[in-house]
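Worksheet: one structure, shown below.
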Amino acid sequence: MSASDDFDVMLNEIGDFGRYQVGQYVLYGLVFFYSAFSPIVYIFTATLVPHRCLIKECGDDSETSPFSPSWLKDAVPFTSGEPEKCLQFLSLNNTPALCDFDNSMTVKCSDWVLGGPERSIQTEFDLMCSENEWKMALIGSINSLGVLISVPVVGYFSDRYGRKIWLIVTLVASAILTLVKSAAFNYIFFIVFEFLEALFSGGIYGIAFVLALEYVSPKRRVALGDMIAAWSYTLGNIFVGVIAWALKDWRQILWVLNAPALLFIILIWLIPESIRWLLSQGRYGDAKEIFTKTLKYNKKQISKESQEKLDLWENTGSAITTSDGDESLWTSIKLVSKSRILIIRLFICFYCWIVITFVYYGLTLNSVNLAGTDDMYLNYIVASLADMPSALFTWVGMSKIGRRKTLCLTLLVSGLACFVNPFVPDDAMEFRVPLYVLGKLAIAGAFGVIYMINAEIFPTKLRTSLLGLCSMVGRIGNILAPLTPLLTKYSKFLPLSIFGVMALVAGGLAFLLPETKGRALPETVQDAENLGQRAEYSLLVKYVNVFFPLSLSLSLFVSLSSMCFA
């Protein structure tokens with residue numbers, strides 16, 4: 001019997017979710033809660049604040065002057081019903097309080113009146129006017145680039161040196177760098193520390209998820225690993241919206257969200273290292289010590305057979321090692337690269353990750369402009385609340401019909417909701433808003449399922465590394481998501497249509513992943529291969545050769561059709 005199987009048997013005997021695990025999951029919940037801040041807070045720290053020229057000749061004296069006075073159309077040109085941000089008509093008299101202009105000529109202004117109480121880096125660093133809007137969008141892309149680099153690197157170090165130590169390092173470093181970022185005095189300073197902070201924060205969720213997953217039995221993974229992670233993360237998203245709503249100042253927002261995170265340093269004394277990771281590293285004595293501590297807190301006893309195996313952990317691993325348990329990380333990576341089955345699975349996961357992050361963050365970023373209310377904070381919170389029931393639905397789905405079918409279903413539902421949404425008439429918002437929320441709910445569910453599947457189809461020594469690698473590739477979607485609003489210049493149909501097509505394609509590919517419901521976590525490459533049937537993959541190669549060209553053709557067709565409907 002493998003070390004993982006021995007551990008699962010012992011967990012069942014002592015209670016795989018006793019008092020000790022409950023305490024650990026409370027702490028992991030706080031970590032998941034905090035991990036939601038970094039990827040999304042830039043929506044508010046880099047928000048575009050409505051502004052117009054400050055017209056001293058008509059009585060404006062500060063940035064808080066009335067935004068829409070009765071004389072505004074005489075002094076400022078309008079476009080699509082909105083005042084120009086940085087242009088005003090030429091004044092016919094330089095004397096203050098003489099509100100007279102030549103509306104045939106415009107000049108650029110250097111002072112502004114703000115249309116709301118928000119203070120973002122746009123107002124702080126004088127990044128007004130349309131030509132600077134790309135700098136605000138770049139913040140999100142830079143954050144995602146940092147995460148893209150972070151997740152495989154942090155995943156590798158956590159696999160190599162331990163989950164616990166790297167979880168604490170990433171938490172504390174992320175908090176410190178964000179607090180430094182809150183003291184930024186110009187745009188370059190801010191964006192450099194945005195990148196540096198993402199290098200650490202990007203690995204937090206993945207490490208915590210694997211740690212939480214490896215300490216419960218297969219039957220508990222969905223209810224605990226996915227539900228607690230998903231709900232904690234969603235509450236973190238909602239908390240960001242509430243704090244931004246209350247403070248409306250980017251420096252205060254960053255301080256309130258991140259200063260308490262310095263307390264995560266105490267996790268050194270509160271959480272244990274992963275027993276499964278210790279076993280994979282041959283550190284049986286350390287594993288026994290943590291297991292004994294769990295027995296004590298749960299007030300349980302184990303069978304004589306399990307006690308004998310536990311006693312062996314201090315002296316030898318001969319009773320629980322596996323056929324390739326001595327392989328190094330580099331050897332494992334080479335074995336994976338030679339496994340046709342795992343390589344195909346890995347590339348399917350890559351595509352699913354890109355689509356899920358692209359659609360999820362695309363819908364999240366656009367939620368602040370969701371029709372139905374003009375309050376961007378309320379829009380964001382309502383869209384985030386859609387993630388809560390998604391965790392419940394995916395929990396039921398993964399428990400009843402399995403991981404693979406649930407992933408396919410969530411992707412297909414989100415794809416259909418996004419694809420249909422742009423074709424709903426503008427005067428039928430009672431249909432468009434629910435469709436938008438349905439698409440967000442479904443793709444949020446897919447996010448939880450893809451984490452679960454990734455963590456269950458790869459071997460122990462590579463679990464965090466490959467989860468990190470998939471997450472890294474998925475950040476391509478994060479990088480592109482902040483740029484999708486620019487596509488509306490060509491067609492209002494284009495962004496959601498692209499979301500829909502990509503999600504539908506991913507839903508089809510997800511059917512080719514193995515089902516892992518109720519299966520033990522694979523320890524070795526051979527264990528991972530055995531999760532699926534080799535015969536299935538000879539058909540897969542032929543299927544992919546036809547599927548991808550067809551998908552590309554469909555995408556081009558939809559893009560051209562959307563532009564025709566513009």
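The values are calculated or read from the model by the stated rules, or taken from the named source; none is laboratory data. This is a predicted model, so every value here is computed, not measured. All Cβ positions, glycine included, derive from the backbone under ideal geometry; neighbour counts span all protein chains shown. Heavy atoms of the whole protein, side chains included, go into the accessibility calculation; ligands, DNA and RNA do not. Shrake-Rupley method; radii C 1.70, N 1.55, O 1.52, S 1.80 Å.
Heavy-atom accessible surface of THR64, to the nearest 10 Å², is about 100 Å², with a 1.4 Å probe and all protein chains retained.
Count Lys and Arg as plus one, Asp and Glu as minus one, and take only other residues whose Cβ is under 11 Å from that of ALA184; the net charge is then 0. Here ASP311 sits with roughly 60 square angstrom of accessible surface, probe radius 1.4 Å. Accessible area per residue (1.4 Å probe, heavy atoms of protein chains only) ranks TRP395, TRP353, TRP71 as TRP395, TRP71, TRP353, with the largest value leading. Phi angles across the range 398-404 convert, under the Karplus curve 6.51 cos²θ - 1.76 cosθ + 1.60 with θ = phi - 60°, into 3J(HN,Hα) values of 5, 6, 9, 10, x, 5, 4 Hz, Gly and Pro given as x.
What the Cβ-Cβ distance of PHE423 and THR292 gives, at R0 = 60 Å and to the nearest 0.05, is a FRET efficiency of 0.45.
Of the trypsin sites (Lys or Arg not before Pro) found in the range 235-312, the ones in coil according to DSSP and having at most 16 other Cβ atoms within 10 Å of their Cβ are LYS299, LYS300. Counting only heavy atoms of the protein chains and using a 1.4 Å probe, SER68 has close to 90 Å² of accessible surface. Taking every protein chain into account, the accessible area of the range 97-158 amounts to 44 square angstrom per residue (probe 1.4 Å). Here the range 223-266 exposes an accessible surface that is 81 percent carbon and sulfur, computed with a 1.4 Å probe and the other protein chains kept in place. Residues whose amide H comes within less than 5 Å of that of PHE125, counting only those at least five positions distant or on another chain, are absent (H built at 1.01 Å from N in the peptide plane).
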